[in-house]
Amino acid sequence: MLNDAAVRMLGRLPMVLWLTAMWAVLWGDASPGTLLAGFGVGAGCYAAAKLPHLPVRLRFRPLRAALLAGRILLDLLTSSVQMAYYALHRPGRVRGAIVAVPLRTDSDLLMAMVSGGLSLVTGSQTIELDREGGVIYVHGVPIRGEGDVPRLRRDVRRMEELFVRAFGSAADIADFEATEREMDAARAAGRGER
């Protein structure tokens, strides 16, 4: 049977392996020496930082993850074409806006994933993630008028839903759906955002 120290080490192994992979990517070399050095640096940094072990409640759903990846690729392609058009043909007319979008998940990890996913897409950048208020502030470009603000909010909410359904635990999905019902009821009553 494993003792507590071994369980802690095994719990930290995925993060050290992730840091090792990032080391290899940054060096552009996946040779055994680079991987060994990356593992040593990753383990050393993780130990020096004295980060607490956080239980990860993620579940991986391959079909949902493929749908998420496809959506990100489609958004990346269309937004890149759109931004290129505005940069080349209408550079003086490009406007942006910072939009606050209430999130429906309260998982720190899922919020971080949503924030990163939004920042991958050309023309959207996460400005701030208010964990306590459950609000993400996104800078969107181009914003041609007031009608584009609800579209940006819908895009953020769609990205959030895709991440929750691809990686959230059953409890995360249940909480997400309950919050969604509450927000829909508030919008129907005229108290919420569009």
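The values are calculated or read from the model by the stated rules, or taken from the named source; none is laboratory data. Predicted model, so just to flag it, every value in this text is computed and none were measured. We place every Cβ from the backbone using ideal geometry, glycine too, and count neighbours over all the protein chains shown. What goes into the accessible areas is simple: the full protein's heavy atoms, side chains included, and nothing from ligands, DNA or RNA. Shrake-Rupley method; radii C 1.70, N 1.55, O 1.52, S 1.80 Å.
For region 102-115, state whether one or more residues are hydroxyl-bearing (Ser, Thr, Tyr), touching a Lys or Arg at 6+ places or on another chain (Cβ under 9 Å), open to solvent by less than 40 Å² (accessible area, probe 1.4 Å) and over 29 Å from residue 57 (Cα atoms).
No, every residue in region 102-115 fails to be hydroxyl-bearing (Ser, Thr, Tyr), touching a Lys or Arg at 6+ places or on another chain (Cβ under 9 Å), open to solvent by less than 40 Å² (accessible area, probe 1.4 Å) and over 29 Å from residue 57 (Cα atoms).
Open to solvent by 70 Å² or more (accessible area, probe 1.4 Å), in contact (Cβ under 8 Å) with a residue 40 or more places away in the chain and closer than 24 Å to residue 175 by Cβ: does that describe residue 144?
When the stated conditions are applied, residue 144 does not pass them.
In this structure, is residue 129 open to solvent by 50 Å² or more (accessible area, probe 1.4 Å) and at pLDDT below 90?
No.
Got at least one residue in region 76-88 being modelled with pLDDT of 90 or more and open to solvent by 80 Å² or more (accessible area, probe 1.4 Å)?
Yes, region 76-88 has at least one match.
Would you mind telling me which numbered condition in (1) over 16 Å from the mean Cα position of the chain (by Cα); (2) within 26 Å of residue 181 (Cα to Cα); (3) surrounded by fewer than 18 Cβ atoms within 10 Å (Cβ to Cβ) residue 96 fails?
It fails just one condition, (2).
Do we have any residue at all in region 28-44 that's surrounded by fewer than 11 Cβ atoms within 10 Å (Cβ to Cβ), part of a helix (DSSP H, G or I), without any contact (Cβ under 8 Å) to a residue 40 or more places away in the chain and of a type in the set (A, V, I, L, M, F, W, C)?
Within region 28-44 (the criterion being surrounded by fewer than 11 Cβ atoms within 10 Å (Cβ to Cβ), part of a helix (DSSP H, G or I), without any contact (Cβ under 8 Å) to a residue 40 or more places away in the chain and of a type in the set (A, V, I, L, M, F, W, C)), the answer is no, since none of the residues qualifies.
Scan region 156-180 and report the pairs whose first residue is farther than 14 Å from residue 115 by Cβ and whose second residue is open to solvent by less than 40 Å² (accessible area, probe 1.4 Å) and among the aromatic types (Phe, Trp, Tyr), with Cβ atoms within less than 9 Å and a gap of 6+ or a chain change.
161/176; 165/176; 168/176
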